[in-house]
1. Could you work out how far apart the two model spin labels at Ala96 and Ala31 are, taking each label as a point 7 Å from the Cα in the direction of the beta carbon, and quote it in nm?
2. Distance in nm between label sites at Ala57 and Ala89, each 7 Å beyond Cα in the beta-carbon direction?
3. Tell me, what HN-Hα J-couplings in whole Hz come from the Karplus equation 6.51 cos²θ - 1.76 cosθ + 1.60 at θ = phi - 60° for each residue of the stretch 51-62, using x for Gly and Pro?
4. Can you pull a Stokes-Einstein diffusion coefficient for the chain at 37 °C (0.692 mPa s), Rh from Kirkwood over Cα pairs, as a whole number of µm²/s?
5. Just to be sure I understand: with springs between alpha-carbon atoms less than 10 Å apart, which residue in Val162, Val51, Val179 has the highest mean-square fluctuation in the Gaussian network model of the chain?
6. Sorted by accessible area with a 1.4 angstrom probe, largest first, how do His137, His61 fall?
7. Keeping all protein chains in the complex and leaving out DNA, RNA and ligands, what accessible area do you get for Arg173 with a 1.4 Å probe, in Å² to the nearest 10?
8. Using 0.36 nm times the number of residues separating Glu22 and Thr203, minus their current alpha carbon distance, what extension gain do you get?
Amino acid sequence: MTIETVIFDFEGTLVDFQWQLEPAQAELKRAFAAQGLAVEGNYAQMWNAAVDRAPGAAQVHALRAALGPVYDRWDADALARWAPRAGAAALLQALAARGVTAAMVSNIGRSALAAALDRCGLGRSLAPVLSRDDVVHMKPHPEGVRAVLAMRGIEPAEALFVGDSLADVAAARAAGVRVAIVRGGECAATAFDAMPPDHFVDTLAQVEALVDSWDAPGGPRDAGT
């Protein structure tokens, strides 16, 4: 089936990865504990576990008010260093020329994401753009990916997710969407041994050829390599 929409991750995919994971996650764990929440995992897994324990929208709002500023500070720290990965703007332009829409689902907050997309000149090529502030659950939960499918009015088979992390693979898989991983982002290649994507690419330029090959009879010529 023809790919109608490519859904992109942000950090590590269209820009380089700059979040300082170790100190950020240590601070977040302390912040969750201060709220009486003993949660484990990375920054996204801790958040998802916490909101799953929240009994309603008001409690989720309170949790966002308490923890959001911590996430936002680490976003702002990364924002100072983010730079587009080679070929990011050219890829979005090439997809638009083919009539393929581009969207985004990111675990970065709305403020830093909007500022970075504007600075890098990428925002006008992406719609919708869903930050962590626009969903209840972060990736690896599929909520954001499913929301894009609904907004675009397309089936999972008509989308391709492009990311750089194991969370991206998990979110896309749970939504029934094919996924390509750009090497050199958040996760090393060995992290995907237990959950490989449909495809690995070394550069963003290769995504355009991948879209073309998936649209051709027989699907991608080298999927899973």
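The values are calculated or read from the model by the stated rules, or taken from the named source; none is laboratory data. Just so we're clear, the structure is a prediction, and the values are computed from it rather than from any experiment. Note that each Cβ is placed from the backbone with ideal geometry, even for glycine, and that neighbours are counted across all protein chains shown. Accessible surface is based on the protein model in full, side chains and every heavy atom, while ligands, DNA and RNA are left aside. Shrake-Rupley method; radii C 1.70, N 1.55, O 1.52, S 1.80 Å.
1. 3.4 nm
2. With each label placed 7 Å out from Cα toward Cβ, I get 4.0 nm.
3. Each residue of the stretch 51-62 in turn: 5, 5, 8, 6, x, x, 4, 5, 5, 5, 4, 5 Hz.
4. Working: Rh = 17.7 Å.
Using the Kirkwood radius from Cα pairs, D works out to 185 µm²/s.
5. Maximum among the listed residues: Val51.
6. Working: His137 30, His61 130 Å².
Ranked from most to least accessible, the order is His61, His137.
7. Ignoring ligands and nucleic acids, Arg173 comes out at about 100 Å².
8. Details: separation 181, 0.36 × 181 = 65.16 nm, distance 2.66 nm.
Difference between extended and current length: 62.5 nm.
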